[in-house]
Structure formats: C-alpha cells, structure tokens
1. When you go through (1) of a type outside the set (Val, Ile, Thr); (2) outside any loop (DSSP other than H, G, I, E, B); (3) open to solvent by 40 Å² or more (accessible area, probe 1.4 Å) one by one for Leu22, which number turns out not to apply?
2. Tell me which residues, restricted to region 247-279, are in contact (Cβ under 8 Å) with a residue 60 or more places away in the chain and either open to solvent by 20 Å² or more (accessible area, probe 1.4 Å) or more than 24 Å from Pro132 (Cα to Cα) (or both).
3. Select from region 25-37 the residues that are assigned to a helix (DSSP H, G or I) and among the β-branched types (Val, Ile, Thr) and write down the one among them that is least open to solvent (accessible area, probe 1.4 Å).
4. In region 116-131, how many residues are open to solvent by less than 50 Å² (accessible area, probe 1.4 Å) and either modelled with pLDDT under 80 or within 17 Å of the chain's Cα centre (by Cα) (or both)?
5. Given the conditions (1) surrounded by fewer than 13 Cβ atoms within 10 Å (Cβ to Cβ); (2) assigned to a helix (DSSP H, G or I), and given that Ala100 satisfies all but one, which numbered condition is not satisfied?
6. What are the residues in region 253-291 that are assigned to a helix (DSSP H, G or I) and either within 20 Å of Val177 (Cβ to Cβ) or charged (D, E, K, R) (or both), if any?
7. Which one of the conditions (1) under 25 Å from Gly125 (Cα atoms); (2) outside any helix (DSSP H, G or I) does Glu41 fail to meet, given that it meets all the rest?
8. Mind checking which residues of region 1-19 are surrounded by 10 or more Cβ atoms within 10 Å (Cβ to Cβ) and not in a helix (DSSP H, G or I)?
Amino acid sequence: MAITAIKSFGDSLKRPYPSDTLQRIKDFLNAIAIPYSTLNEKGAMDALAMKMFQGYVVDFFAKGVPLSQIRICTDSVTSVLPLSQQKKDEAYYNVLNKAADKFMTDGWLADNEQRLIESYTSSLGIALNCLPMQYQSESLARIGQAIVLKDLQRGVLPQKPLTVPVMLGRGECALWVYDNVTMFQEKITREYVGGSRGMSYRICKGVTYRTGSFKGHPVERSHMEKKGVGSLVVTNKHFFFHCPTASVKIPYSKLVGVTPYSDGLEVHKEEAKPKRTVFQGFDAWFVMNVLNLVNSI
C-alpha cells in the first residue's frame with residue numbers, strides 16, 4: 001500500500017513543486033516506518049527522486065535559474081530521497097536531451113540556445129562530442145556539431161580538448177569522434193586465365209613434350225574487405241581510424257575526392273595505386289562541412 005501511495009503521489013506531482021513537498025514525503029516515510037531499501041526494491045523511490053531532481057534541473061533551461069542555485073534544491077531532494085551518482089548523471093543527461101530536442105525542432109540552433117547549452121555542459125564538465133554511448137542522441141549530436149562548425153566558420157578551433165585514442169600533431173585539434181565505425185578497403189586480386197590446345201608426346205619416363213599454343217590474359221578482381229570496427233576521429237588535418245586490427249591516418253591534403261553516403265563516407269586518396277576506402281556507420285554531413293571549412297583555419 002505504501003509503494004502504491006508513493007507511485008500515485010509521484011504521478012500526480014507537477015512543477016512547480018509546492019514548498020512543503022519534501023516535508024510531506026519525509027513525514028510519510030517516518031509515519032510508515034518501513035525501511036527505505038524495502039520501499040525501493042522495484043525503484044519506486046528512485047523514480048520519485050529522479051522526477052523531482054530533474055524537475056529542478058529543468059529550471060535552468062525553462063527559467064534561466066543558475067545551476068549553483070539549482071544544486072541547493074537538488075541537494076535538498078537527495079537528503080530525503082537518496083540518489084546514486086549514476087542516477088544523478090542520468091537526470092542531468094535526460095534534461096540535456098530534452099532541451100536539445102526542443103532547440104532543434106526548427107533545425108537551427110539560435111545563439112542564445114547555444115549559450116545555454118555551452119553554459120550547462122561547461123558547468124557539468126560534459127563534452128557534447130564525446131558523450132557516453134547511452135546518453136547520445138541525434139539532437140545532441142547535431143547541436144555539438146553545429147557548435148564546432150560555428151567555431152570553424154569564425155576561423156577558430158574548438159577550445160574543449162577531446163580524449164582520443166590517437167596521437168595528434170602540433171596544431172592539430174580533434175573535432176569529433178564517431179564510435180562503432182566499420183572500415184572497408186578495396187582489395188585487388190590478379191590471376192592469369194586462358195586456354196591451350198595441342199598434343200603431348202612422351203619422350204621418356206618422366207619427360208613429356210607438348211606441342212600447340214597457349215593464349216591467356218591477366219584478370220583483376222576487386223572486393224571491399226572489412227578491416228575492423230573502431231573509432232573514426234575527425235580533426236582539422238586528418239581522418240584517423242583506430243581499432244584493434246587496424247590504424248589508418250588520412251591527411252586531408254592527400255584527398256582527391258570524397259563521396260558521402262547516408263550511412264558513411266568513401267575517400268579517394270592521391271596514391272600511385274589508389275584503393276577505395278569506405279567508413280560506414282555515421283551521417284557524413286558534418287564531415288563534409290568540416291572539409292569545406294578547415295582550409296580557412
């Protein structure tokens with residue numbers, strides 16, 4: 001009955017929360033005298049705590065309340081309804097995703113919206129171009145990429161460094177990291193095919209002489225060979241692909257062509273014997289914009 005009452009109370013709770021909300025919860029928990037862990041066996045208390053926690057955090061975007069002030073409210077929530085650090089992080093990311101969805105409804109990130117996102121992520125130490133996999137969303141990725149592109153348009157590199165699994169050169173900056181990217185590279189095989197006709201004559205044991213003619217020609221066959229699945233790092237100077245079985249560095253200065261696909265990118269390098277290289281597993285629009293802008297940096 002107590003758990004049902006807690007769920008019902010949480011479902012009916014609306015922002016802005018009445019000032020006595022936490023006191024009512026505290027009085028209820030004291031009155032029923034049931035261990036908190038028992039009430040939370042199926043996550044009823046966590047759900048209530050998350051709703052209240054997120055409700056206060058939303059005020060950063062909805063009302064412009066500073067995070068320093070919001071933390072006073074969220075600390076009061078967790079003093080009554082304890083939350084793990086993982087749950088707190090989840091609440092912050094959930095609010096960020098909701099704000100991103102709202103801001104990108106019209107397909108454009110306004111300057112004031114960008115300032116809100118940057119202030120929020122900076123205060124929490126969040127990097128939009130290197131989010132944990134479980135919190136990544138299309139809207140957040142678009143916002144992060146839009147911010148990077150705006151910096152490049154102004155002729156400056158992003159100031160927030162990324163942790164990447166490759167060695168960067170002097171003056172090089174990692175702009176974005178795509179995970180779970182599959183690399184394919186063209187593999188060419190050659191063989192000689194043809195036919196012969198004529199007759200064979202046995203001269204002695206183990207020795208045969210063949211008359212006639214042989215006509216053949218070389219044939220080349222190519223196919224796209226999977227090199228591995230790993231991370232594609234986009235910098236202001238190179239593509240880096242890194243996985244346990246392969247590591248590739250492609251300078252932009254060596255590119256003679258780029259073909260974008262809905263789910264990846266094919267690059268054509270300046271080589272004596274060029275081979276097609278394809279990276280699959282991401283939307284290429286950001287990379288194409290980066291290639292158009294990096295020459296102005």
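The values are calculated or read from the model by the stated rules, or taken from the named source; none is laboratory data. All figures in this text were calculated on a predicted structure; none of them were measured in a lab. All Cβ positions, glycine included, derive from the backbone under ideal geometry; neighbour counts span all protein chains shown. Only protein heavy atoms, including side chains, enter the accessible area calculation; ligands, DNA and RNA are left aside. Shrake-Rupley method; radii C 1.70, N 1.55, O 1.52, S 1.80 Å.
1. With respect to (1) of a type outside the set (Val, Ile, Thr); (2) outside any loop (DSSP other than H, G, I, E, B); (3) open to solvent by 40 Å² or more (accessible area, probe 1.4 Å), Leu22 is out only on (3).
2. Those that are in contact (Cβ under 8 Å) with a residue 60 or more places away in the chain and either open to solvent by 20 Å² or more (accessible area, probe 1.4 Å) or more than 24 Å from Pro132 (Cα to Cα) (or both): Ser247, Val248, Lys249, Lys275, Arg276, Thr277, Val278.
3. Just the residues of region 25-37 that are assigned to a helix (DSSP H, G or I), to begin with: 25-32, 36-37.
Filter once more, keeping what is among the β-branched types (Val, Ile, Thr): 25, 32.
On the way: Ile25: 11, Ile32: 50 Å².
Checked region 25-37; the qualifying residue least open to solvent (accessible area, probe 1.4 Å) is Ile25.
4. 6
5. (1)
6. The answer is Lys254, Trp285, Phe286, Val287, Met288, Asn289, Val290, Leu291.
7. (1)
8. Leu13, Arg15, Pro16, Tyr17, Pro18
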